[in-house]
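The block underneath contains the structure these notes are about, expressed in structure tokens.
The values are calculated or read from the model by the stated rules, or taken from the named source; none is laboratory data. The structure presented is a predicted model; accordingly, all values stated were derived computationally and were not measured. Positions of Cβ are generated from backbone atoms using ideal geometry, with glycine treated the same way; all protein chains shown enter the neighbour counts.
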Amino acid sequence: MSVETEKNRLLSLDVFRGMTIAGMVLVNNPGTWSAIYSPLAHAEWHGATPTDLVFPFFLFIVGISITLALGKRVEVGGIGKDIYWKILRRSLIIFGLGLFMAAFPFYSFVKGEWLDVSNLRIMGVLQRIAVCYLFAALIFVRTNWKQQAIIAAALLLVYWALMTLINVPGCELTTFNDKACNLAAYLDRVILTENHIWKSAKVFDPEGLLSTLPAIATTLAGVLCGHWLRREKSDYEKVAAMFFFGVVLAAIGWAWSFWFPINKSLWTSSYVVYTAGLALCFLGFCYWLIDIKGYKKWAKPFVIFGVNALALFVFSGLLAKLLGIIKVGADADGKSISLQKWIFDVIFLPLASPINASLMFAGSYILLWLFLMWLLYLKRIYIKV
């Protein structure tokens, strides 16, 4: 979600955003889910792979963008109803886009019936981004950086206490090792009901209700980083601080994981602190390499992705759904074959082993979208909400 004006854009932030959204598209679109390199898959439960860093990195970037976009207005006391309306409008549009993607294509050609909204997943990636943006932006315009840090810490501690101290009905003991017997999963089943949570998980939603609280803290971590980037400090001071606090936070998150395991699906407090630390280090490296040392040419593809990140996520997701829905024939057992599977089986699978062919498909999908986003970039078309 790129909100800086063209003149004051921070190039390293666009690159960081572009790398993050490219990673999100890459891991979401393998040739086959049965053959994936482990770094390109989420951790089965506890722990974090490179794939588990993508979403918190994006929320961290959203937080930075809030500060860069609204910082001057806050300083001069120019926050009026128009700003509140913009924040609410943007949040509603992003949330609506998430519901649109969940409902698309609205009609099942296999079953011959229209979408049953009673089974529509309510939460999701864009929905979480919308909620986190809404609360983080409102907190930003109403508080100073010290209060924002306190709120972020309070969210993490309260979430830890709730998840640790409250026993779930029907479970002998609340444990983080059980996907069902924890408060976040229980509230998802009670409030959203099993009809409206992620069907693959069945007993919890990885973008559920209670776990959105620490996700807001992830966004506030980005807000705090944005404060530092706006300060009248030298570039080297900014980078040094990003690396220092990045290492410290990653170490604290790792240590916290002995009591509250790092877990992306539950968005645990240790996961927030750990990934915020890594995001600081990653952004610091990009800032040093691009904005200080001036090595920019290699980053052009990620700039192209970064300035149209939301459009890339939405359109690539819709195309992936279409490729899975369109049927082009049947296999030896008479089961229908999707266009996506046909492309993978006919074009990519003969070229390499299944796991490498799966990666080649994902890479080719990214290159396709790089070309399409490049066309928008050439025309200076930046799709925002």
Region 74-130 - residue that is acidic (Asp, Glu) and part of a helix (DSSP H, G or I) and, of those, nearest to His227 (Cα to Cα): Glu75
Tell me the residue from Ala180, Ala152, Ala136, Ala161 that is among the aliphatic types (A, V, I, L, M) and closer than 16 Å to Phe260 by Cα, please. Ala161
Just to be sure I understand, how many residues within region 192-211 are surrounded by 19 or more Cβ atoms within 10 Å (Cβ to Cβ) and among the polar types (S, T, N, Q)? 1
For Ala35, the lone unmet condition from (1) at pLDDT 95 or above; (2) touching a helix residue (DSSP H, G or I) at 6+ places or on another chain (Cβ under 7 Å); (3) not β-branched (Val, Ile, Thr) is (1)
Region 77-88 residues that are on the phi > 0 side of the Ramachandran plot and surrounded by 13 or more Cβ atoms within 10 Å (Cβ to Cβ), paired with ones that are assigned to a loop (DSSP other than H, G, I, E, B) and not aromatic (Phe, Trp, Tyr) (beta carbon under 8 Å, 6 or more apart): none
Could we say that Asp333 is more than 26 Å from the chain's Cα centre (by Cα), of a type outside the set (S, T, N, Q) and either surrounded by 15 or more Cβ atoms within 10 Å (Cβ to Cβ) or assigned to a loop (DSSP other than H, G, I, E, B) (or both) here? yes
What's the number of the condition Trp342 fails, among (1) under 28 Å from Leu126 (Cα atoms); (2) touching a strand residue (DSSP E or B) at 6+ places or on another chain (Cβ under 7 Å); (3) surrounded by 15 or more Cβ atoms within 10 Å (Cβ to Cβ)? (1)
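Could you pull out the residue among Gly324, Gly253 that is at pLDDT below 95 and part of a helix (DSSP H, G or I)? First the steps, then the outcome.
Working: Gly253 fails: at pLDDT below 95.
Just a single option satisfies the conditions, and that option is Gly324.
Can you find a residue that is in a helix (DSSP H, G or I) and either of a type in the set (Ser, Thr, Tyr) or more than 19 Å from Trp374 (Cβ to Cβ) (or both) anywhere in region 292-310? Before the answer, list the steps.
The initial filter retains those residues of region 292-310 that are in a helix (DSSP H, G or I), namely 292, 297-306, 309-310.
From what's left, either of a type in the set (Ser, Thr, Tyr) or more than 19 Å from Trp374 (Cβ to Cβ) (or both): 292.
Yes: one or more hits.
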With respect to Val203, determine if the residue is closer than 26 Å to His42 by Cα and outside any helix (DSSP H, G or I). yes
State whether the residues of region 292-299 include one that is in contact with a Gly (Cβ under 9 Å, 6 or more places away or on another chain), surrounded by 15 or more Cβ atoms within 10 Å (Cβ to Cβ) and in contact (Cβ under 8 Å) with a residue 24 or more places away in the chain. yes
Select from region 148-190 the residues that are in contact (Cβ under 8 Å) with a residue 40 or more places away in the chain, under 12 Å from Thr268 (Cα atoms), surrounded by fewer than 19 Cβ atoms within 10 Å (Cβ to Cβ) and not polar (S, T, N, Q) and list them in ascending order. Leu157, Val158, Trp160, Leu162, Phe176
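Among the residues of region 165-204, what is the count of those that are hydroxyl-bearing (Ser, Thr, Tyr), within 18 Å of Pro214 (Cβ to Cβ) and at pLDDT below 90? Give the steps one after another, and end with the answer.
Our first condition is that a residue be hydroxyl-bearing (Ser, Thr, Tyr); within region 165-204, this holds for 174-175, 186, 193, 200.
Those still in the list that are within 18 Å of Pro214 (Cβ to Cβ) too: 174, 186.
Now narrow it down to the ones that are at pLDDT below 90: 174.
Residues in region 165-204 being hydroxyl-bearing (Ser, Thr, Tyr), within 18 Å of Pro214 (Cβ to Cβ) and at pLDDT below 90: 1 in total.
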If we keep only residues of region 256-285 that are polar (S, T, N, Q) and not in a helix (DSSP H, G or I), then the residue farthest from the chain's Cα centre (by Cα) is Ser257
Take Asn177 and decide whether it is outside any helix (DSSP H, G or I) and either touching a His at 6+ places or on another chain (Cβ under 9 Å) or of a type in the set (Gly, Ala, Ser) (or both). yes
Right, Ser2: among the polar types (S, T, N, Q), within 18 Å of the chain's Cα centre (by Cα) and modelled with pLDDT under 95 or not? yes
Which one of Phe361, Phe305, Phe315 is closer than 23 Å to Ile93 by Cα and surrounded by 18 or more Cβ atoms within 10 Å (Cβ to Cβ)? Phe305
